[in-house]
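If you scroll down you'll find the structure; I have some questions about it.
The values are calculated or read from the model by the stated rules, or taken from the named source; none is laboratory data. This structure is a prediction, so every number in the text was calculated from the model and none was measured. Ideal geometry is used to build each Cβ from the backbone, glycine not excepted, and the neighbour counts take in all protein chains shown.
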Amino acid sequence: MALPPGWYQHSGDSPGRLRYWDGDHFTSDTMLDPMPRGARTRMAPNWRLAGPTARLGAWTVDNLVPVLIFIAVAKVRDTALPTLDDAQQPQQLWDTYLPIIALFGVFHLVNQVALVALTGRSLGKAVVGLRVVRLNDEDSAPGIVSAVVRYIVSIVALPLAPVNALIFFYGQRRLVHDLAANTAVLYE
């Protein structure tokens with residue numbers, strides 16, 4: 001039975017490259033194999049997916065550390081400020097706390113985007129023993145695009161916290177930001 005014309009893996013080509021079969025012979029036309037439909041959601045059967053308790057622990061560390069730093073810096077700055085009359089307080093408060101809030105934001109971005117993109121771990125994930133991986137490559141960190149997508153979706157999806165609670169019932173244990181970025185969180 002002859003193969004119908006189409007794109008096929010040819011024995012002389014490198015893996016991931018397809019060659020066109022015209023019904024009689026392979027032509028010189030080649031292309032990269034597009035990822036099969038659904039391949040992005042396939043996970044290796046040996047992956048140890050992080051459970052809800054570990055993920056909540058990592059989230060707590062990720063958010064508790066910057067809050068404690070914020071409180072400590074604010075307390076130090078607050079005790080160093082002279083007592084002001086009511087008319088000066090709003091501007092003084094703004095001038096005092098805006099840099100602290102900016103520092104908090106920078107820390108959060110570095111922790112949630114840069115560290116995850118480069119290492120697959122935020123501070124909290126490192127403490128708890130978790131790492132973020134791409135679904136199609138367990139051995140590499142997610143990269144900057146996936147890390148940014150994870151971060152933006154996690155911020156936008158904050159009101160969807162009840163939806164994220166479905167991690168308890170969803171076999172893949174992936175939250176909304178994991179689904180959007182095609183990532184998974186694994187135990188080390």
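When you scan segment 115-134, do you find a residue that is of a type outside the set (S, T, N, Q), loosely packed, with under 13 Cβ neighbours inside 10 Å and over 15 Å from ASP62 (Cα atoms), even just one?
If we filter segment 115-134 for residues that are of a type outside the set (S, T, N, Q), which is where we start, we get 115-118, 120-121, 123-134.
Those left that are additionally loosely packed, with under 13 Cβ neighbours inside 10 Å: none.
Checked against the condition, which is being of a type outside the set (S, T, N, Q), loosely packed, with under 13 Cβ neighbours inside 10 Å and over 15 Å from ASP62 (Cα atoms), segment 115-134 yields no hits at all.
Yes or no: LEU93 at pLDDT below 75 and in contact with a helix residue (DSSP H, G or I) (Cβ under 7 Å, 6 or more places away or on another chain)?
Values: at pLDDT below 75: yes; in contact with a helix residue (DSSP H, G or I) (Cβ under 7 Å, 6 or more places away or on another chain): no.
For LEU93, the condition - at pLDDT below 75 and in contact with a helix residue (DSSP H, G or I) (Cβ under 7 Å, 6 or more places away or on another chain) - is not met.
Could you tell me which residue of segment 56-90 is surrounded by the most Cβ atoms within 10 Å (Cβ to Cβ), considering only residues that are at pLDDT 75 or above, more than 30 Å from LEU166 (Cα to Cα) and of a type outside the set (A, V, I, L, M)?
For segment 56-90, the residue satisfying everything is PHE70.
I would also like to ask the following. Give segment 1-27 a look and list any residue that's within 22 Å of ASN136 (Cβ to Cβ), of a type in the set (A, V, I, L, M, F, W, C) and without any contact (Cβ under 8 Å) to a residue 12 or more places away in the chain, or say none.
Correct list: empty.
The rows are residues; the columns are (1) over 23 Å from ILE71 (Cα atoms); (2) in the same structural domain as ALA58 (by TED's automatic domain parsing); (3) part of a helix (DSSP H, G or I); (4) within 9 Å of the chain's Cα centre (by Cα).
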residue: VAL106; (1), (2), (3), (4): no, yes, yes, no
residue: LEU109; (1), (2), (3), (4): no, yes, yes, no
residue: ALA114; (1), (2), (3), (4): yes, yes, yes, no
residue: VAL149; (1), (2), (3), (4): yes, yes, yes, yes
residue: LEU160; (1), (2), (3), (4): yes, yes, yes, no
residue: ALA165; (1), (2), (3), (4): yes, yes, yes, no
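Checking SER140 against (1) more than 25 Å from LEU68 (Cβ to Cβ); (2) out of contact with any Ser or Thr (no Cβ under 8 Å at 6 or more places or on another chain); (3) surrounded by 13 or more Cβ atoms within 10 Å (Cβ to Cβ), which test does it fail?
(3)
I'd like to know if segment 155-178 contains one or more residues that are crowded, with 19+ Cβ neighbours inside 10 Å, over 15 Å from PRO52 (Cβ atoms) and in contact (Cβ under 8 Å) with a residue 40 or more places away in the chain.
Looking through segment 155-178, none of the residues is crowded, with 19+ Cβ neighbours inside 10 Å, over 15 Å from PRO52 (Cβ atoms) and in contact (Cβ under 8 Å) with a residue 40 or more places away in the chain.
Check segment 131-145 and report whether any residue there is assigned to a helix (DSSP H, G or I) and at pLDDT 90 or above. Explain how you work it out, then say what you get.
Looking only at segment 131-145, we keep the residues that are assigned to a helix (DSSP H, G or I), and these are 144-145.
Now restrict to residues that are at pLDDT 90 or above: 144-145.
Checking segment 131-145: at least one residue is assigned to a helix (DSSP H, G or I) and at pLDDT 90 or above.
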